[in-house]
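Participant: After the C-alpha cells below, expect a handful of questions from me.
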C-alpha cells in the first residue's frame, strides 16, 4: 500500500536558529499523538545535520530541497546526494518548478539528480506541473507526461518504485489559487495511469503522489479525500506549527 505523506518545503526561509526552533516545536507537537501520514520537513542545506540531530527522525523525515547531479569534484557551491545522506536526511526534493524556472534545470540534469539521490539511498520527491499558459491552452496533460517520461522513465522498475511524485500546478504555487479537488484528482489519476502504462498497475498503485500549490488547513481535507491524492507538498503553511499541524491532521 502506498503511503500518505505531508511534506513541508521551507524553501529559502529561516536562519539556523529559527529552523531548529520550528523543527523542535513540530517534534513536540507530534509527541504522544497518532498521525495517519508520514511527516517530512524540507530544510535548507545548512539546517540538515542540526535538525536531524534534534528531532525524533522516526516521527519526522528530513529532506533537502535539491542535490547536485555529480558525485563529487570541483563544483564550487554544490552539495552532493552523499553529503545530504551523511547528515541523516532521508529525502530530497527534486525538479521543483522554482529550480526549473530560476536555475534552468533541464530534464537531463534532473534525471542525473534522481540517479545520484537513489545511489545515496535518498527518497526523491520529484515535482511536476504546468504553468498557467499550458493549463489554459489545454496542454497540461502533455506537459506533465513529458516531465515524467524525460527524467524518470529510464529508471528500472525497482528504482522507480522508490520515488514519491508531487504534482504542483505552477499557477497555484504561492498565488493563493488552488487547483480544485476535482482538478487535482483528474491530474493525479492521469499521472498514475501514465506510470501504469510504463511500469504496470502494481507500481502505479504503490506510488505516492502528493499535491502542492497553496494547500492549507482549509482545503487539505477536501484535497486529501481524493482517491489518487496521497498527501501534500506544503510551502508557506509549513513555516508554522499552528498552520502545518492541521494539514497533517487532515488525514
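Taken together, the values in this text are just the output of simple stated rules run on the coordinates, not laboratory data. Because the structure is a prediction, the values reported are computed rather than measured. Cβ atoms come from the backbone with ideal geometry, glycine included; neighbour counts cover every protein chain shown.
Participant: Sort through 84, 93, 33 and tell me the only one that's in contact with a strand residue (DSSP E or B) (Cβ under 7 Å, 6 or more places away or on another chain) and either on the phi > 0 side of the Ramachandran plot or not in a strand (DSSP E or B) (or both).
Facilitator: Details: 93 fails: either on the phi > 0 side of the Ramachandran plot or not in a strand (DSSP E or B) (or both); 33 fails: in contact with a strand residue (DSSP E or B) (Cβ under 7 Å, 6 or more places away or on another chain).
Exactly one residue qualifies, and that residue is 84.
Participant: Considering only residues that are surrounded by 13 or more Cβ atoms within 10 Å (Cβ to Cβ) and either part of a loop (DSSP other than H, G, I, E, B) or on the phi > 0 side of the Ramachandran plot (or both), which ones fall in region 4-30?
Facilitator: 4, 10, 11, 13, 14
Participant: Given the structure, is residue 77 assigned to a strand (DSSP E or B) and either farther than 17 Å from residue 239 by Cβ or free of Cβ contacts under 8 Å to residues at least 40 places away in the same chain (or both)?
Facilitator: Details: assigned to a strand (DSSP E or B): no; either farther than 17 Å from residue 239 by Cβ or free of Cβ contacts under 8 Å to residues at least 40 places away in the same chain (or both): yes.
It is false that residue 77 is assigned to a strand (DSSP E or B) and either farther than 17 Å from residue 239 by Cβ or free of Cβ contacts under 8 Å to residues at least 40 places away in the same chain (or both).
Participant: Go through region 136-152 and give me each residue that's surrounded by fewer than 20 Cβ atoms within 10 Å (Cβ to Cβ) and over 16 Å from residue 209 (Cα atoms).
Facilitator: 136, 137, 138, 139, 142, 143, 146, 150, listed by residue number.
Participant: Considering each residue of region 119-135, count those that are part of a helix (DSSP H, G or I) and in contact (Cβ under 8 Å) with a residue 24 or more places away in the chain, and give that number. Show your work before the answer.
Facilitator: Filtering region 119-135 down to residues part of a helix (DSSP H, G or I) leaves 119, 132-135.
Narrowing further to those that are in contact (Cβ under 8 Å) with a residue 24 or more places away in the chain: 119, 132, 135.
Number satisfying all stated conditions: 3.
Participant: Further question: Hey, does region 136-145 have a residue that's closer than 21 Å to residue 112 by Cα, in a helix (DSSP H, G or I) and in contact with a strand residue (DSSP E or B) (Cβ under 8 Å, 6 or more places away or on another chain)? Can you show your working first?
Facilitator: Start the filter on region 136-145 by keeping residues that are closer than 21 Å to residue 112 by Cα, which leaves 143-145.
The next check asks that each one be in a helix (DSSP H, G or I); those that pass are 143-145.
Keeping just the survivors that are in contact with a strand residue (DSSP E or B) (Cβ under 8 Å, 6 or more places away or on another chain) gives 144.
Scanning region 136-145 turns up at least one residue that is closer than 21 Å to residue 112 by Cα, in a helix (DSSP H, G or I) and in contact with a strand residue (DSSP E or B) (Cβ under 8 Å, 6 or more places away or on another chain).
Participant: Taking region 122-141, which residues are out of contact with any helix residue (DSSP H, G or I) (no Cβ under 6 Å at 6 or more places or on another chain) and closer than 24 Å to residue 85 by Cα?
Facilitator: Matches in region 122-141: 123, 125, 126, 127.
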